[in-house]
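Presented below is the structure to which this report refers.
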Amino acid sequence: MKYTLESYLKENIDENITIQPWDGKKKIPLFLLEIYNFYETKILGQHCIIIEILQEAPGIDTIKKHIKVINRTVEQNLVFYYKSISWFRRKSLIQNRVPFVIEDGQMYLPFLGLDLKNILYKQEKKITMFSSSTQLAFLYLLYNGNRTINATELAAVLNTSKMTASRSLNDLYNFGLLTYVICGETKRSKEYKRIGDPEYYNEGSRYLKNPVLKTVYTWKKIENSLVAGLEALSLISMMNPPRNPVIAISKESLSEIEPYLLKDRDRIIDEKLTEIEVWNYDPRILSKENYVDLASLALSLKGINDERIEQALEERLKGEKWYMG
């Protein structure tokens, strides 16, 4: 790092720069010394501490906490050094005015008024929601936070193509929700791991959408389905169950039960039928119980304006380590 960064800064900003190990790191808590290397330099006369990230890159909330800890002992400008960075992480660092330098030549040094980019970026599309496949991957990793996974393994778990799984992992990485390491005999396989709780859910939840495409009704008992909707909520809270049982199926399963669906609105109102939520993804992939997974359940009920439902969901969500309301 020292020679690469020193050479780049000399060429582009200040030819008098030298980077040295920082003696003041003795004042820094030990847990930070396991995450970062610390160097010092002067850039255009400004004394700076260069912080090289050694392990999995922390999320923005964690970095802000670390900055507060370091600032208790030093007053110099802190500059984080990355080997690579996603556009989402770059954006979040700039929004929070966290100085950084990247090995590929990008840098953001607001105390010097510098925001240099030596590589071309694709114009960022304003993404408001995950695709269905990315949402499914996000939720699977939410419930399996400790594991690492590659595209081949994810494709098998989610019953999708390797290309779709790879695209989903890449999307989550670009949102700053995953990190990866290169491994394998050919050094071409990417092993992904999500960032920690509760930041993973907090950062990603804004892009989640209601999984329910539409609701249909039947008199027939549907095998191999999961309890959903208000009935599922009644199983995990003090809420009373609804008048009609509620289940969830994937959109791919709808054609199998099409002949048994009711379209007469009067019969739907008057008779006790099974309410079927048709989901964008297969709810069975995420659930380990006889009802749908908690995060998807909360999304499916989000549009119902009822304080009792909101309170029951909030109480249940607060029991999860990945949730921070």
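The values are calculated or read from the model by the stated rules, or taken from the named source; none is laboratory data. The model shown is predicted, which means the values in this text are computed figures rather than measured ones. Note that we place each Cβ from the backbone using ideal geometry, even for glycine, and neighbour counts take in every protein chain shown. The protein model used for the area step is the full one, side chains on, heavy atoms only, and it has no ligands, DNA or RNA in it. Shrake-Rupley method; radii C 1.70, N 1.55, O 1.52, S 1.80 Å.
If I ask for residues that are β-branched (Val, Ile, Thr), closer than 19 Å to residue 177 by Cβ and open to solvent by 30 Å² or more (accessible area, probe 1.4 Å), which ones from the range 55-69 would you list? Lay out the reasoning, then the answer.
Step one: list which residues in the range 55-69 are β-branched (Val, Ile, Thr), which gives 60, 62-63, 67, 69.
Now drop any that are not closer than 19 Å to residue 177 by Cβ, which leaves 60, 62-63.
Matches in the range 55-69: 62 only.
Considering the range 224-252, the residues that are in a helix (DSSP H, G or I) and touching an Asp or Glu at 6+ places or on another chain (Cβ under 8 Å) include one that is surrounded by the fewest Cβ atoms within 10 Å (Cβ to Cβ), namely 252. All of (1) among the charged types (D, E, K, R); (2) in a helix (DSSP H, G or I); (3) touching a strand residue (DSSP E or B) at 6+ places or on another chain (Cβ under 6 Å) hold for residue 10 with one exception: (3). Among residues of the range 1-21 that are of a type in the set (Phe, Trp, Tyr), those with a Cβ under 9 angstrom from a residue that is buried (at least 16 other Cβ atoms within 10 Å of the Cβ) and modelled with pLDDT of 75 or more, sequence gap 6+ or separate chain, pair up as 3/19; 8/101; 8/107.
Can you say whether residue 263 is open to solvent by 20 Å² or more (accessible area, probe 1.4 Å), free of Cβ contacts under 8 Å to residues at least 24 places away in the same chain, closer than 22 Å to residue 204 by Cβ and not aliphatic (A, V, I, L, M), as far as the supplied structure shows? Answer is no for this residue.
Take the conditions open to solvent by 10 Å² or more (accessible area, probe 1.4 Å), on the phi < 0 side of the Ramachandran plot and assigned to a strand (DSSP E or B) and apply them to residue 52. Does it pass? Even if it seems obvious, please write down each step before you answer.
On the way: open to solvent by 10 Å² or more (accessible area, probe 1.4 Å): yes; on the phi < 0 side of the Ramachandran plot: yes; assigned to a strand (DSSP E or B): yes.
Yes, satisfied.
Within the range 102-113, the set of residues being closer than 19 Å to residue 179 by Cβ and open to solvent by less than 10 Å² (accessible area, probe 1.4 Å) comprises 102, 106. Among the numbered conditions (1) out of contact with any strand residue (DSSP E or B) (no Cβ under 9 Å at 6 or more places or on another chain); (2) surrounded by 15 or more Cβ atoms within 10 Å (Cβ to Cβ); (3) not in a helix (DSSP H, G or I); (4) not hydroxyl-bearing (Ser, Thr, Tyr), the only one that residue 272 does not meet is (2). Answer yes if at least one residue in the range 70-80 is under 19 Å from residue 28 (Cβ atoms), surrounded by 13 or more Cβ atoms within 10 Å (Cβ to Cβ), hydrophobic (A, V, I, L, M, F, W, C) and touching a residue at least 40 places away in the same chain (Cβ under 8 Å), and no otherwise. Yes, there is a match, as at least one residue in the range 70-80 is under 19 Å from residue 28 (Cβ atoms), surrounded by 13 or more Cβ atoms within 10 Å (Cβ to Cβ), hydrophobic (A, V, I, L, M, F, W, C) and touching a residue at least 40 places away in the same chain (Cβ under 8 Å). The set of residues from the range 91-109 being touching a residue at least 60 places away in the same chain (Cβ under 8 Å) and under 22 Å from the mean Cα position of the chain (by Cα) comprises just one member, 92. The set of residues in the range 158-196 being assigned to a helix (DSSP H, G or I), aliphatic (A, V, I, L, M) and open to solvent by less than 50 Å² (accessible area, probe 1.4 Å) consists of 158, 165, 169, 172. Among the residues of the range 17-28, at least one is in a loop (DSSP other than H, G, I, E, B), in contact with a Leu (Cβ under 9 Å, 6 or more places away or on another chain) and β-branched (Val, Ile, Thr).
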